[in-house]
Amino acid sequence: MDTDEQLAPAVASILAAARERGGGGERVVVTDARSLPDALAAAEADGRVPVIAEVKPTSPTTEGKRTDDPVELAEQMVAGGATALSVLTEPEHFGGSAETLERVRAAVDVPVLRKDFLLHESQLDVVESDVVLLIARFLGDQLEPMLTAARERGFGVLVEVHTESELAAAVAAGADVIGVNNRDLGKLEVDLGTFEEVGAKAPEDATLIAESGVATREDAARMRRAGADGLLVGSAIMDGDVRANTERLTTPMDEIQ
């Protein structure tokens, strides 16, 4: 696990807040989780580019804040062809909340990912979702226990990596849905080549998600050619007309296979 000195200041601040944030009360048990891999496969069979659209009011790497009703934004994303949704529940830096996730999940019929910085098992017990995000870089040797704890509660799990060593740790922990973040959390630089390099080392039967940096249909095509089963897209959808932006990215180009 990184020390805060190895992270960009904004990320170190997020991590520090996550350490202090408590968990839920009662143990969460999800009995009706919608499968992210199944949804990705269904989108592909339907001829759409599988996109996980992110409901993200703000972030340390973007300017401004969306004040629209997040449920309306989510519904527009689904209308635009989003395969699944990612909802931020981190409050201090991203303006998210568990209540927002609850409202969005009740309003749509696609899988909903809880995107947060989860460090302790009790933090899994805040809200029901279909999938939770676990970040290998932040969890270190706690990744496997957290993965097990999440699955015991009925969550699907997306494990995020950035390097080949993190990928190896994720696979060793039992991850089968793996997100490769093109953003280096140490420098906040984005390089789509990260997915091309790291994703190529993933097991053939893993479900791979390309995270960060996808802004255009050309970017989407590039990630799909590199083996991405799905694309997690935030700012490129949230900046402007979310339905039109989602439609633009979910409509395949000739080279998107």
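The values are calculated or read from the model by the stated rules, or taken from the named source; none is laboratory data. Remember, it's a predicted structure, so these values are computed and weren't measured experimentally. Cβ coordinates were reconstructed from backbone atoms using ideal geometry, including for glycine residues, and neighbour counts include every protein chain displayed.
Taking segment 178-205, which residues are under 17 Å from ARG225 (Cβ atoms) and part of a loop (DSSP other than H, G, I, E, B)?
Just the residues of segment 178-205 that are under 17 Å from ARG225 (Cβ atoms), to begin with: 180, 182, 191-202, 204.
Scanning segment 178-205 gives ASN182, ASP191, LEU192, ALA200, LYS201, ALA202, GLU204.
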Selected residue [more than 17 Å from GLU204 (Cβ to Cβ), surrounded by fewer than 18 Cβ atoms within 10 Å (Cβ to Cβ) and in contact with a Lys or Arg (Cβ under 8 Å, 6 or more places away or on another chain)] from GLU152, GLU189, GLU164: GLU189
Under 9 Å between Cβ atoms, at least 6 apart or on separate chains: pull out the pairs that start in segment 92-108 with a residue that is touching a residue at least 12 places away in the same chain (Cβ under 8 Å) and end on any residue that is of a type in the set (S, T, N, Q) and assigned to a helix (DSSP H, G or I). GLU92/SER13; HIS93/SER13
Note on segment 156-178: residues over 20 Å from ASP130 (Cα atoms) and not aliphatic (A, V, I, L, M) are HIS162, THR163, GLU164, SER165, GLU166
So which residues in segment 206-225 are assigned to a loop (DSSP other than H, G, I, E, B) and among the aliphatic types (A, V, I, L, M), if there are any at all? ALA206, VAL214, ALA215
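Conditions tested, residue by residue: (1) among the polar types (S, T, N, Q); (2) touching a residue at least 12 places away in the same chain (Cβ under 8 Å); (3) within 23 Å of LEU85 (Cα to Cα).
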residue: GLU152; (1), (2), (3): no, no, yes
residue: GLU196; (1), (2), (3): no, yes, no
residue: ALA202; (1), (2), (3): no, yes, no
residue: ILE209; (1), (2), (3): no, yes, yes
residue: SER212; (1), (2), (3): yes, yes, yes
Return the total of residues in segment 133-177 being touching a helix residue (DSSP H, G or I) at 6+ places or on another chain (Cβ under 8 Å), in a helix (DSSP H, G or I) and not small (Gly, Ala, Ser). 11
Out of the residues in segment 44-69 meeting the condition of being at pLDDT 95 or above and in contact with a strand residue (DSSP E or B) (Cβ under 8 Å, 6 or more places away or on another chain), tell me which one is surrounded by the most Cβ atoms within 10 Å (Cβ to Cβ). ALA53
